[in-house]
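All of the numbers you see were taken from the coordinates with simple rules; none came from a lab. These numbers were taken from a predicted model, which means no experiment stands behind them. With ideal geometry, Cβ positions are generated from the backbone for all residues, glycine too; neighbour counts draw on all protein chains shown.
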Amino acid sequence: MKTYIPKKEEIAKKWYLVDAKGKILGRLATRIARILSGKDKPIYTPHLDTGDFVVVINAREIKVTGKKEEEKIYYRHSGYPGGLKKETLRRLRERKPEEIIRRAVKGMLPKNKLGRKMLKKLKIYPDANHPHQAQNPEPINL
């Protein structure tokens, strides 16, 4: 019996639409990461990108539990001495709400070229409007 390994041309990519309104951040991010990596498909192969595209709408209305709104801090560095910037979840939600979901999903993907390729298939929008109507994304309830 031989192991079946799918070829790059044989992998069919689908588009899914996820509404983040009222969903808990971590639970939503784990399910999105599984779809992006293709782990929910029977042809999953760790060294190939077998995942699908995911369009997330209403990112501004995602929920977090506990006191994360004030206590969770996101860090970034400018590359210069003393260039460490801190930002709470509340400030990041006001400034760039789609970045909250992107960072949560990025932490759950592989830390290599394949993970970066998977993250490019994630499209996040702060409200209900998105430019991917032509791809006919299939609404999925996570």
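The figures follow:
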{"item": "Every residue from the range 1-55 that is of a type in the set (A, V, I, L, M, F, W, C), under 19 Å from the mean Cα position of the chain (by Cα) and under 19 Å from Gly115 (Cα atoms)", "result": "Trp15, Leu28, Ala29, Ile32, Ala33, Ile35, Leu36, Leu48, Phe53, Val54, Val55"}
{"item": "Members of the range 69-90 found to be surrounded by 13 or more Cβ atoms within 10 Å (Cβ to Cβ), charged (D, E, K, R) and outside any loop (DSSP other than H, G, I, E, B), listed by number", "result": "Glu69, Glu87, Arg90"}
{"item": "Test result for Leu109, closer than 24 Å to Lys14 by Cα and surrounded by 11 or more Cβ atoms within 10 Å (Cβ to Cβ)", "result": "yes"}
{"item": "Long-range neighbours under 8 Å by Cβ, at least six apart or interchain, first residue without any contact (Cβ under 8 Å) to a residue 24 or more places away in the chain and closer than 11 Å to Gly51 by Cβ within the range 107-123, second part of a loop (DSSP other than H, G, I, E, B) and acidic (Asp, Glu)", "result": "none"}
{"item": "The lone exception for Glu94 - which of (1) charged (D, E, K, R); (2) closer than 26 Å to Thr45 by Cβ; (3) assigned to a helix (DSSP H, G or I); (4) without any contact (Cβ under 8 Å) to a residue 24 or more places away in the chain it fails", "result": "(2)"}
{"item": "Selected residue (criterion: nearest to Asn136 (Cα to Cα)) from residues of the range 1-24 that are touching a strand residue (DSSP E or B) at 6+ places or on another chain (Cβ under 7 Å) and part of a loop (DSSP other than H, G, I, E, B)", "result": "Lys14"}
{"item": "Only one of Arg34, Arg95, Arg102, Arg27 that is over 27 Å from Pro139 (Cβ atoms) and among the basic types (Lys, Arg)", "result": "Arg95"}
{"item": "Candidate set: the range 80-112, residues that are hydrophobic (A, V, I, L, M, F, W, C) and under 18 Å from the mean Cα position of the chain (by Cα); chosen: the one farthest from Thr30 (Cα to Cα)", "result": "Leu92"}
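A quick yes/no check of all residues on (1) within 28 Å of Pro126 (Cα to Cα); (2) without any contact (Cβ under 8 Å) to a residue 40 or more places away in the chain; (3) of a type outside the set (A, V, I, L, M):
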| site | (1), (2), (3) |
| --- | --- |
| Thr3 | no, yes, yes |
| Ile11 | no, yes, no |
| Tyr16 | yes, no, yes |
| Lys21 | yes, no, yes |
| Ile24 | yes, no, no |
| Thr30 | yes, no, yes |
| Ala33 | yes, no, no |
| Arg60 | yes, no, yes |
